[in-house]
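The block underneath contains the structure these notes are about, expressed in structure tokens.
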2 protein chains.
Amino acid sequence: MGTTQLEAVQEPKYWHLKTVLIDALDSEFEVGEILPNERDLAARFGVARATLRQALEQLELEGRLQRRRGVGTTVAPPRMGVAVGPSANVWPGAGRDAWHTIGCVEAVAPAPIAAVLGTAADEAVHTIHRERVMQGQPVATELLYVPAASVPGLSPMLTPASHAPAVLRELHTLELDGEDRAVELGSARAEDAKHLDRLPGAPVLVVTSRYFAGGRVAAASVATYRADTCRLTFGDSGTVEVTHHQAEGRRAS
Amino acid sequence: MGTTQLEAVQEPKYWHLKTVLIDALDSEFEVGEILPNERDLAARFGVARATLRQALEQLELEGRLQRRRGVGTTVAPPRMGVAVGPSANVWPGAGRDAWHTIGCVEAVAPAPIAAVLGTAADEAVHTIHRERVMQGQPVATELLYVPAASVPGLSPMLTPASHAPAVLRELHTLELDGEDRAVELGSARAEDAKHLDRLPGAPVLVVTSRYFAGGRVAAASVATYRADTCRLTFGDSGTVEVTHHQAEGRRAS
């Protein structure tokens, strides 16, 4: 950004190409427009296909380009701000929750989840599979784990349709002491990729949440957000408008 | 995780290889150990080099492997939990701040930053370059932008050494109304990459923060965290122990 004095750094070959491509994207292409194929682009910029591909991968990481199955590479719209950290602690499924339930099973939780929940390794846990849609597009999938001990009043007579609502209703009767979250980079598992319309292995932001009640972890969730289209927002002062690629000179499109 | 019933999804060739590699990492390698070269690995698992490389890239995204310049590919230690969202709002540089200052200049901010700060396009802004070190390793770099209007009492007689402390001291005299953050995926700019001991273009988590005082944005920052080694934590209930790759069956190492 030209604001700090740093020694020159050796830049890889695709780096300059990336800058040139960003200029081209800003001046010649509209959001949603399909880019020419790699062969034509490589010829136009006088670079090897491998170099071009590296630059395109970088631009995808930065949210400037989208690779869409059966469509090709398109110019990405600005990332959506997706509110993750609520200003006040709320239980999943309570109030104006952005998620909707896809299914619910009672099953043994993966060992690390069991460790977090403090459940026995062979103890079944209510597992609610949820999805979050924004602007008509699924942006995240989630597995929400609720140990039986957290919902002792749960009716034993549950149908597939009533299972998730009943678990959430019981959960909401507990007093929520607090919650915390961790965000890290991951790659989309096959089933998440399918829900999110991405290829397996696509970069995702994985948000792990813990919900505390009665001095223990009453529920935990692992949510997988599309990293290409989502900017996760935390705090109660509205959506942050600055993004990294904007800070590098992106013009409004 | 075997907890939801989903239709079979076509998985790319490297996907199965990744599972096999994870098993090998868990059973045969120690944290920090250098992996055999690509040729040997490809031969051992009977796959093409390109397939192997895709699987290795996935494992790097998931934080299981680290590519280190001049060393090769090593088995990564578990990611570090890095607290990003404080439990109480605090100004940058106040209290037990995890950052230390590298430098400070007064310069025109990039246009999107100026827009957030509400400063004129040609108005100089105090820009503090900071670094965050954990376990002896730089994990993040940050540019903190403070408009002159936020620090009206700043002495005009500043040396390079006194500039940043003076700006922070003045900032701390304001009452902080609130702060918010956004997290998104990015790729390391050359100068950030150098600080973080990564190659330019390496995946990073970009955290943009706004600090509110007197009904406006009194300061803003863009921080770049290593995505391979960091898990960003939010909330005041301690560090979240579950990580995505652990949830997929990683054993404690």
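The values are calculated or read from the model by the stated rules, or taken from the named source; none is laboratory data. Note that the coordinates shown come from a computational prediction; the quantities given were computed from them, not determined experimentally. Cβ: placed from backbone, ideal geometry, glycine included. Neighbour counts: every protein chain shown. Remember, those area values only see protein heavy atoms, side chains included, never the ligands or the DNA or RNA. Shrake-Rupley method; radii C 1.70, N 1.55, O 1.52, S 1.80 Å.
The table below lists the values:
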{"read-out": "Residue mean of other protein chain beta carbons inside 10 Å, B:175-182", "value": "6"}
{"read-out": "Gyration tensor verdict on segment B:88-181 (Cα atoms; rounded if a/c is under 1.5, prolate if a/b is larger than b/c, oblate otherwise)", "value": "rounded"}
{"read-out": "Inter-label distance for B:R44 and A:R169, nm, one decimal - labels placed 7 Å from Cα along Cα-to-Cβ", "value": "5.5"}
{"read-out": "Residue-span extension gain [A:R96 to A:A24] - 0.36 nm each, minus C-alpha spacing", "value": "21.8 nm"}
{"read-out": "Share of carbon and sulfur in the accessible heavy-atom surface of the protein assembly as shown [1.4 Å probe, %]", "value": "51"}
{"read-out": "For segment B:80-245: relative contact order, % (alpha-carbon pairs under 8 angstrom, 6 or more apart)", "value": "26"}
{"read-out": "Nm distances between copies for B:H100, ranked from closest, using label points 7 Å along Cα→Cβ", "value": "5.3"}
{"read-out": "Relative contact order of segment A:13-76, defined on C-alpha pairs under 8 angstrom at six or more residues apart (%)", "value": "41"}
{"read-out": "Violating pairs (Cα-Cα greater than 27 angstrom) within the set A:K18/B:K194; A:K18/B:K18; A:K13/B:K13", "value": "A:K18/B:K18; A:K13/B:K13"}
{"read-out": "Cα gyration tensor category, rounded, prolate or oblate, for chain A with a/c compared to 1.5", "value": "prolate"}
{"read-out": "Rounded tilt (10° steps) of B:13-28 against the dominant C-alpha axis of chain B", "value": "90"}
{"read-out": "Nearest-first distances (nm) between copies at B:E123, label 7 Å from Cα via Cβ", "value": "5.6"}
{"read-out": "Prolate/oblate/rounded call for the protein assembly as shown, Cα gyration tensor, a/c under 1.5 rounded", "value": "oblate"}
{"read-out": "Percent RCO, i.e. relative contact order, over segment B:104-180, from Cα pairs under 8 Å lying at least 6 residues apart", "value": "24"}
{"read-out": "Part-to-part distance (alpha-carbon centres) for segment A:108-124 and segment B:203-231, which is given in Å", "value": "34"}
{"read-out": "Accessible surface buried once B binds A (1.4 Å probe; total of both sides; Å²)", "value": "6200"}
{"read-out": "Among B:R68, B:R44, B:R53, residue whose mean-square fluctuation peaks in a GNM of chain B (springs only between Cα atoms under 10 Å)", "value": "B:R44"}
{"read-out": "Residue-normalised accessible area of chain A, expressed per residue, 1.4 Å probe, Å²", "value": "43"}
{"read-out": "Check: the protein assembly as shown dipole with +1 on Lys, Arg Cβ and -1 on Asp, Glu Cβ, in debye", "value": "960"}
